[in-house]
Amino acid sequence: MREYPRNLPEFEAQFTTEAACRDYLLRLRWPDGFRCPRCGHPKAWPIEKTLFQCTRCRYRASLTSGTIFENTRKPLRLWFRAMWWVTSQKTGASALGLQKVLGLGSYETAWTWLHKLRRAMIRPGRDRLSGAIEVDETYLGGPEEGLRGRETQNKALIVVAAQEDGKGVGRIRLHRVPDASADSLVSFIEDVIEPGSLVKTDGWKGYAGLKTKGYRHQVLILSRRNETASDLLPRVHRVVSLLKRWLMGTHQGAVSHEHLDYYLDEFTFRFNRRSSRHRGLLFYRLLQQAVAAEAVPYKDMVAHCRGPKPHGYKM
Ligand SMILES: [Zn+2]
């Protein structure tokens with residue numbers, strides 16, 4: 001059997017039953033066969049449909065524990081359909097759209113599922129960018145150019161790293177930061193860029209310490225009067241304008257501060273795989289990462305936005 005379905009008919013033929021979905025998850029979770037998470041033994045008895053007991057130490061390992069499918073009462077088939085739909089939307093998915101497509105009774109469920117899936121889009125311990133990389137910060141929900149400063153009630157400050165690939169953009173990383181201080185900017189760079197890489201920035205003092213952290217640092221300065229920041233760092237600025245258009249188009253610009261990180265993750269996931277030949281590959285990657293992601297209960301996801309209505313960006 002093919003690793004992943006290439007199109008909708010193949011998807012539908014492959015995942016007709018719960019058992020087929022479970023087997024697929026099993027192969028993704030333990031690609032080289034079962035391994036006891038406690039003692040490493042390769043043999044287990046099935047106890048329930050998604051529960052296995054190690055034949056040596058008797059440890060019970062669940063197929064779904066610690067993944068986004070943990071404790072779900074909905075069939076895996078429905079989850080798979082959600083993931084297929086999310087990854088086959090060219091631009092992005094909205095909770096309302098997902099609710100319609102799956103026939104879910106509640107908007108809240110669709111919203112929770114989407115956020116769980118977005119969480120799975122960024123793989124823990126993913127590799128860092130290398131080569132030549134442009135880095136710059138920008139505001140979302142506020143004026144793009146202007147004085148450097150801090151995140152406010154209305155504006156979020158994000159840093160963008162865009163890898164050079166000839167004249168085009170390779171892979172990207174995005175992150176929200178509380179301010180444009182050296183602490184915030186340099187720790188982002190250390191998180192997402194391999195030391196030894198060439199980092200290109202403007203002359204902001206927040207980037208001054210990069211050389212001491214093991215990076216080659218090229219500072220670009222505006223030379224002509226009519227030159228703008230986007231001439232200096234064209235890739236970052238292309239990414240930022242695509243991001244803004246995407247937030248406007250798919251989410252009507254109404255993204256709350258609290259959940260912006262998830263949207264940035266979804267954008268990054270889509271952008272870095274924009275040239276994948278088959279949509280099915282995105283589905284496969286997402287599922288692969290979903291069985292590796294740690295579960296976050298709904299209450300933790302919304303806990304910090306109780307009380308006043310979450311603020312939405314206007315762009
Ligand atoms: Zn064991």
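The values are calculated or read from the model by the stated rules, or taken from the named source; none is laboratory data. This is a predicted model, so every value here is computed, not measured. All Cβ positions, glycine included, derive from the backbone under ideal geometry; neighbour counts span all protein chains shown.
For residue 84, work out the one condition from (1) closer than 23 Å to residue 272 by Cα; (2) loosely packed, with under 13 Cβ neighbours inside 10 Å it doesn't fulfil.
Of everything listed in (1) closer than 23 Å to residue 272 by Cα; (2) loosely packed, with under 13 Cβ neighbours inside 10 Å, residue 84 misses just condition (2).
Could you list, in sequence order, all residues of the stretch 164-217 that are of a type in the set (Phe, Trp, Tyr), buried (at least 20 other Cβ atoms within 10 Å of the Cβ) and farther than 21 Å from residue 267 by Cα?
As a first pass, look at the stretch 164-217 and keep what is of a type in the set (Phe, Trp, Tyr): 188, 204, 207, 215.
So of that shortlist, the ones also buried (at least 20 other Cβ atoms within 10 Å of the Cβ) come out as 188, 207, 215.
Listed by number, the residues that qualify are 207, 215.
Just name the residue that is farthest from the ligand (Cβ to nearest atom) out of those in the stretch 36-50 that are closer than 14 Å to residue 62 by Cβ and free of Cβ contacts under 8 Å to residues at least 24 places away in the same chain. Even if it seems obvious, please write down each step before you answer.
Going through the stretch 36-50, the residues closer than 14 Å to residue 62 by Cβ turn out to be 36-38, 44-50.
Applying the additional criterion that residues be free of Cβ contacts under 8 Å to residues at least 24 places away in the same chain yields 38, 44-48.
Working: 38: 5, 44: 8, 45: 11, 46: 15, 47: 13, 48: 17 Å.
Top of the filtered list is 48.
Mind checking which residues of the stretch 56-73 are at pLDDT below 90 and in a loop (DSSP other than H, G, I, E, B)?
63, 64, 65, 66, 67, 68, 69, 70, 71, 72, 73
Is it true that some residue in the stretch 259-272 is among the hydrophobic types (A, V, I, L, M, F, W, C), at pLDDT 75 or above and over 30 Å from residue 71 (Cβ atoms)?
Here is the first cut: in the stretch 259-272, the ones among the hydrophobic types (A, V, I, L, M, F, W, C) are 260, 264, 267, 269, 271.
Filter again for at pLDDT 75 or above, leaving 260, 264, 267, 269, 271.
Checking the rest, the ones that are also over 30 Å from residue 71 (Cβ atoms) come to 271.
Yes: the stretch 259-272 contains one or more residues that are among the hydrophobic types (A, V, I, L, M, F, W, C), at pLDDT 75 or above and over 30 Å from residue 71 (Cβ atoms).
Here is a list of conditions, (1) within 26 Å of residue 121 (Cβ to Cβ); (2) surrounded by fewer than 18 Cβ atoms within 10 Å (Cβ to Cβ), and residue 161 meets all of them except one; can you say which number that is?
(2)
Residues 53, 99: which one is outside any loop (DSSP other than H, G, I, E, B), of a type in the set (S, T, N, Q) and within 16 Å of the ligand (Cβ to nearest atom)?
53
Does any residue of the stretch 60-81 turn out to be without any contact (Cβ under 8 Å) to a residue 60 or more places away in the chain, surrounded by 18 or more Cβ atoms within 10 Å (Cβ to Cβ) and within 15 Å of the ligand (Cβ to nearest atom)?
Yes, there is a match, as at least one residue in the stretch 60-81 is without any contact (Cβ under 8 Å) to a residue 60 or more places away in the chain, surrounded by 18 or more Cβ atoms within 10 Å (Cβ to Cβ) and within 15 Å of the ligand (Cβ to nearest atom).
Filter the stretch 1-35 for residues that are hydrophobic (A, V, I, L, M, F, W, C), surrounded by 13 or more Cβ atoms within 10 Å (Cβ to Cβ), part of a loop (DSSP other than H, G, I, E, B) and touching a residue at least 12 places away in the same chain (Cβ under 8 Å) and give the result.
Once the filter is applied, which keeps residues that are hydrophobic (A, V, I, L, M, F, W, C), surrounded by 13 or more Cβ atoms within 10 Å (Cβ to Cβ), part of a loop (DSSP other than H, G, I, E, B) and touching a residue at least 12 places away in the same chain (Cβ under 8 Å), the stretch 1-35 yields 15, 34.
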